[in-house]
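So the structure is just underneath, and the comments pick up after that.
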Amino acid sequence: MSTIIEQADRRTFLKKASGLAAGLAVSGPLTEALALGIETAAYNIPLGVYAAYDKAHFLKESGCAYIEESVAGFLIPKEGDEQYEKNLQQLRQDHFPIKSYVILLPADLKTLGPNANHEAILQRTELVLKRAKECGSQYVVFGSGASRIIPEGFDKATAKAQHIDLTKKMAPLAEKYGVTIAVEPLNRGETNFINSLAEGVEIVDAVKSPRVKLLCDIYHMLKEDEPATEIIKYGKHIVHCHIAEREKRTPPGVMGDDFRAYLGALKKINYKGGLSIECFVYTDFEKEAKRGVEVLKQQLSEV
């Protein structure tokens, strides 16, 4: 009797499973997996926070995989080479990685326009890349919106050609040191050039270097009403990501922004790089940064 019951149960299970498979085109693999009681793995990517390196221990304890620093804060500090050596020593003692550096160029070093200064930029860039390699870092972010503002009345095509020419000259330096330059589109409140992933890809495609890729900043995408589908469209170029809430560039969890559409797009392209909370003003850094990491982990688990 038990054998007959077991065979009947098996036939019932196979019938249900085949029915689910037939409905796959409609319901999709996630629905099928849930119907079969199969647990799907949560989407996890390394999380970090842009902060001074003295926050490294706190961020490690808060669940971050790395920290993101600034060029002027860590690699080329205003105190000079001696301070950089101290920074490097601290990094080697603490063993908490700096994945990337933001703000490659100060506002007075122009990439385009009548006052473009490519020679000075290339000298600075080589030093930055050399030191980033010494620090074991992967990326230098090429945002620097103030340095790439097209002056009023200046020919836009000429400006674009200047910027591409500079980036082409940067590429061999990045290849030499094995550090990737991540081109960062910024919202129009910060600059009037390279304001979307599509425009960032134009630079990447023109340069054609394995060490010049694209940064996806979800905050800037939100400010520009750029849909999450653009991440899927240009996903093959994306090597690094930033995030913050739209209204006041606060960490996730302050205003309650829902990032799941953008996080889901990253999952769809199988993105495995870092996602850094990049904010410049905190009411309470430790409270808000820790909460930001928790909120991102929660939303990532839901996509």
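At-a-glance table
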item	result
Order of L296, L215 under a 10 Å beta carbon neighbour criterion, fewest first	L296, L215
Per-residue [θ]222 nm for the chain (sum of -39500 (n - 2.57) over DSSP H runs n ≥ 4, rounded to 500)	-14500 deg cm²/dmol
Per DSSP, loop chymotrypsin sites (Phe, Trp or Tyr not before Pro) in the range 66-98 with at most 10 further Cβ within 10 Å	none
Burial ordering of S276, S144, S62, fewest other beta-carbon atoms within 10 Å first	S62, S144, S276
Helix 197-207 vs. the chain, principal-axis angle (Cα, 0 to 90°, nearest 10)	60 degrees
Sparsely packed GluC sites (Glu not before Pro) within the range 40-100, loop by DSSP, other Cβ within 10 Å at most 11	E79
Residue order, fewest to most surrounding Cβ atoms within 10 angstrom, among C241, C216	C241, C216
Under the Karplus curve 6.51 cos²θ - 1.76 cosθ + 1.60, θ = phi - 60°, whole-Hz ³J(HN,Hα) for the range 170-184, x wherever Gly or Pro sits	6, 4, x, 5, 4, 5, 4, 9, x, 10, 8, 8, 9, 5, 10
Pairs beyond 25 Å (Cα-Cα), from K86/K213; K160/K208; K208/K272; K99/K236	K86/K213
Whole-Hz ³J(HN,Hα) from phi, Karplus 6.51 cos²θ - 1.76 cosθ + 1.60, for the range 62-72, glycine and proline x	8, x, 7, 8, 6, 10, 10, 10, 10, 4, 6
Charge dipole (debye, nearest 20) of the range 42-301; +1 at Cβ of Lys and Arg, -1 at Cβ of Asp and Glu	740 debye
DSSP-loop GluC sites (Glu not before Pro) across the range 170-250, with at most 13 other Cβ within 10 angstrom	E247
For G273, distant residues with modelled amide H under 5 Å away	none
Fraction of the pair-distance distribution of the range 147-303 above 21 Å, Cα-Cα pairs, percent	49 percent
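Quick note: the coordinates plus some simple rules give every number you see, no bench work behind them. Note that the coordinates shown come from a computational prediction; the quantities given were computed from them, not determined experimentally. All Cβ positions, glycine included, derive from the backbone under ideal geometry; neighbour counts span all protein chains shown.
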